[in-house]
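Read the structure below first, then the notes.
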Amino acid sequence: MKIMSNHKQYNMSRFLGKVYAVVAFFCIVAFSSCEDTDYMTYDTSNNGIYFLSDTMQYSFSVTPIEQRTHLVKIPVRVMGGISDVARPINFEVITDTTTAEEGVQYRIGEAVVLPDSINGFIPVEILRDGLKGSNAEGYERYRLGLRLLSNDYFIPTLNVLNQKFVLNFDNSVEQPNWLSADGEKVWIERELGKWHPLKLIKMVEYFHALEEILPETYEKMVVAYGENLEHIPFGDPNLYRTIFRKYIYKPMYEYFSDPVNRDVILAEFPDFPFDFPNPFA
């Protein structure tokens, strides 16, 4: 039996060490690649697709009355690989659960999964002019039901709930949740006149304009009262009353008092009271 010399043993050890190093390197690379992938790939030749949630709510609420449409992007996700091209999403409207009429209350655009992504969306444009209801008569609520379908790119996956989606929408503007010490809703008529949705819409519009005029103060007011003035304690912004009167109440008074705006207001809100007080009277 031949005994390997110390020199040959040394060379063999060096060779095996290099082999182990190369193998370890590729294992680390493979492991890192798996770690960097934050989505489920599985069989990339047969991609699944599903809704990220089953419902979504939208209301025009305090958006400016000049805004007549709103685009809602309903999110979907792929369980599989990505592609360098946009891939179409196949779906259908569920007539049994849909109360809205296409072309009247909504329009649907091209639905795709974006290139180099596992995320996609179904774009639904909501048409404000087709939404019925008013402050005096109440607002009609609309539903749009969607179901994912198979195509050459995707197969609906997970459970049935992840394959269906309902979009609820309306044009309602509710009185804000400003509460008194007794927990009752309040609306300060000496500052605002009688409650009407258009007053809140214009109030929020001029409030948002403060972001450009007084950005630091605006940020503090958002923290105190909410992005859309959802929670003003007792309905009285006493900490910023001077700013409210100068930058919000004053332009509101001027808008509602201007005869040029009267016909436009009545066309949209026939029951508007035109009683907004002069904040500097």
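The values are calculated or read from the model by the stated rules, or taken from the named source; none is laboratory data. Not measured: the values here are computed from a predicted model. Cβ coordinates were reconstructed from backbone atoms using ideal geometry, including for glycine residues, and neighbour counts include every protein chain displayed.
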- Identify the residue in segment 135-156 that is within 24 Å of the chain's Cα centre (by Cα) and not aliphatic (A, V, I, L, M) and, among all such residues, is surrounded by the most Cβ atoms within 10 Å (Cβ to Cβ). Tyr142
- Query: Name the pairs: first residue in segment 263-281 and closer than 25 Å to Thr242 by Cα, second residue of a type in the set (A, V, I, L, M), Cβ to Cβ under 7 Å, at least 6 apart or on different chains?
  - Reply: Phe276/Leu192; Phe276/Met252
- Does segment 218-228 include one or more residues that are among the hydrophobic types (A, V, I, L, M, F, W, C), crowded, with 18+ Cβ neighbours inside 10 Å and more than 24 Å from Gly133 (Cα to Cα)? yes
- Residue count for segment 186-208, restricted to those that are free of Cβ contacts under 8 Å to residues at least 24 places away in the same chain and either small (Gly, Ala, Ser) or under 26 Å from Arg128 (Cβ atoms) (or both): 2
- Query: Which condition does Leu210 not pass, out of (1) surrounded by fewer than 19 Cβ atoms within 10 Å (Cβ to Cβ); (2) out of contact with any Gly (no Cβ under 7 Å at 6 or more places or on another chain), if it passes all the others?
  - Reply: (1)
- Task: Can you confirm whether segment 187-204 contains a residue that is loosely packed, with under 12 Cβ neighbours inside 10 Å and either out of contact with any Asp or Glu (no Cβ under 8 Å at 6 or more places or on another chain) or at pLDDT below 95 (or both)?
- Result: yes
- Using the structure shown, decide if Glu212 is in a helix (DSSP H, G or I), among the acidic types (Asp, Glu) and within 17 Å of Val62 (Cα to Cα). no
- Query: Checking Asn162 against (1) crowded, with 19+ Cβ neighbours inside 10 Å; (2) at pLDDT 95 or above; (3) under 30 Å from Ser117 (Cβ atoms), which test does it fail?
  - Reply: (2)
- Message: Of all residues being crowded, with 17+ Cβ neighbours inside 10 Å and either part of a loop (DSSP other than H, G, I, E, B) or touching a Cys at 6+ places or on another chain (Cβ under 6 Å) (or both) in segment 66-89, which is modelled with the highest pLDDT? Just the residue, please.
- Response: Ile89
